[in-house]
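Step one of this worksheet: look at the structure below.
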Amino acid sequence: MSENIDKNVAMETRLARVGLSEKESRVYLALLPYRDIGTSKIIRMTGLHGQFVYDALAKLEEKGLARHVIQNGRKKFSANTPNRLLSLIEEKKLAANALAKELQDRYAGEREQDIEIFQGDSAFAAQQFELLKRQPNDTVICVIASETERYQATLEAEGAWDDYLQILREKNIKTRYLGSEKQRERLQTLEKTEQWTYRILPGHATGLMNTDIWHDNITLNIFGDPVLCITVTGKEIANGYREFFETLWNLSSK
């Protein structure tokens, strides 16, 4: 029972990222296993006040995620296919693109270097995908590793690791990874993806932070509680760190 509750809470969190409120998510999850159920049963299943359920059902119908029929003068509700979520995401993307174009005219312009901070697992995962999207095809991400394996674990917890690897393959982006002797077994496994290559840096003192060197920025990922990602944007900064990485790479070996 507790496991099912935990799964639902995790799913509600993920549904929130595509635009559903907590109450809408709870009602939608309650609808999924049934066809044509009444509001009384939904109220019992969700534990929500009746008015919250009515409001959530109305919102779900507006978003195309639920529908109703009239049976014996009463409304009965069902969930529409979860594939509708993909359409919602695409609609948000189109709206965001249109808004960004309008706001660009008011923007003072890019600075030669800038810094952003992202805190928490969800913000971290979203930032990694944004960086990956901006990374040109057929390029290399250089990583000076930490001892922790929280990078992969965090993306896996967010349901994003497989998608992350898929984008690496589609864009033919390679990862060069400087690790410690303690990580050798895991790095040998990662190298089988064909997108990774690694070397062991003798005496590498790893901690809770790793450094990722992207095309035009670097990220300092601090795997404390919560996870913290500091992104420093600037082509010269990235190039300087890349030269430093090459020095360490040449001092390392398999």
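Miscellaneous remarks
- For W196, W214, the sequence from fewest to most other C-beta atoms within 10 Å is W196, W214.
- Considering only the chain, percent of DSSP beta bridges that pair antiparallel, nearest 5: 75
- Positive dipole terminus of the chain, leading residue within L29, S252, L228 (C-beta point charges): L29
- For the stretch 9-149, the C-alpha radius of gyration sits at 1.44 times the compact-globule guess of 2.2 N^0.38 Å, with N the residue count.
- Split the chain at each of the GluC sites (Glu not before Pro) in a DSSP loop with at most 14 other beta carbon atoms within 10 Å, and the longest piece is 1-109.
- FRET E, pair M11, E102, Förster distance 45 Å, beta-carbon r, rounded to 0.05: 0.85
- Amide H contacts of N217 (H built 1.01 Å from N, under 5 Å, at least 5 apart or other chain): G234
- Long-range tail of P(r) for the stretch 114-250 (Cα pairs > 23 Å, %): 28
- Whole-angstrom gap from the stretch 159-231 to the stretch 69-144, using each part's C-alpha centre: 23
- Annotation: amide H of T175 within the under-5 Å range of I141, W196, T197, sequence separation 5 or more or interchain, hydrogens built in the peptide plane.
- Backbone geometry of the stretch 55-61 corresponds, through the Karplus equation with coefficients 6.51, -1.76 and 1.60 at θ = phi - 60°, to 3J(HN,Hα) couplings of 5, 5, 4, 4, 5, 5, 5 Hz, x marking Gly and Pro.
- Length-normalised contact order of the stretch 172-254 in % [C-alpha pairs under 8 Å, at least 6 apart]: 26
- Among D225, D138, the order by Cβ neighbours within 10 angstrom, fewest to most, reads D225, D138.
- Angstrom value of the Kirkwood radius, inverse mean 1/r, which spans all Cα pairs in the chain: 21.3
- Whole-number percent relative contact order across the chain, with pairs defined as alpha carbons under 8 Å at least 6 apart: 16
- Over all distinct Cα-Cα pairs of the stretch 2-84, the Kirkwood formula returns a hydrodynamic radius of 12.8 Å.
- Straight-line reach from K76: taking Cα to Cα under 13 Å and skipping same-chain neighbours fewer than 8 places apart, the aspartates and glutamates in range are D36, E61.
- Straight-line cross-link partners of K59 among the aspartates and glutamates, defined as a Cα under 17 Å from its Cα and at least 8 positions apart when in the same chain: E12, E22, E24, E91.
Rule-based calculations on the coordinates, nothing more; no lab input. What you are looking at is a predicted structure, and each value in this text was computed from that prediction instead of being measured. Note: ideal-geometry Cβ built from the backbone for every residue, glycine included; neighbour counts use all protein chains shown.
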